[in-house]
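Quick notes on the structure that follows.
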Amino acid sequence: MYKRLLYAVLVTAVSLCALPSSLPATAAARQSAPRPAVASEEKNIVVYPNPSSGVVHISVTGFEGRKTELRVLNVIGTVVYRETITELDNRFTRTLDLSRFASGLYYVKIDADNNSVMRKLVIR
């Protein structure tokens, strides 16, 4: 059972050289009953505590058997931490001490094959 919804979006671009211009855009959304996820297909990372004072736990699921790269990026996309993990089991947890980094917004990213998952992390 699907319910079709139509959304209208107005995209406004502002330029310092000219007057603002608007471009209409539409997007269709489909709402359906949630499907149960199969545990082996679900790829997820959980970052906690968040916000953190610097010591953070990263729990990874769904990437078992793959060569995986764990990266922490700052807000402008510079990699501040990188680790290659060659053998993941069903649930992998890594504890990182990021307290030497400045307070702010960071991203924790996991890449494996053609799969990528990213989460926000706030360091206070």
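Throughout, read-outs are computed from the coordinates displayed, never taken from laboratory work. Treat the numbers as computed from the prediction; the structure is a model and nothing was measured. Note that each Cβ is placed from the backbone with ideal geometry, even for glycine, and that neighbours are counted across all protein chains shown.
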Please compute the volume of the convex hull spanned by the alpha-carbon atoms of the range 44-123 and report it per residue in Å³.
77 Å³
Dipole magnitude of the range 44-123 about its Cα centre, charges +1 at Lys/Arg Cβ and -1 at Asp/Glu Cβ only, in debye to the nearest 20?
240 debye
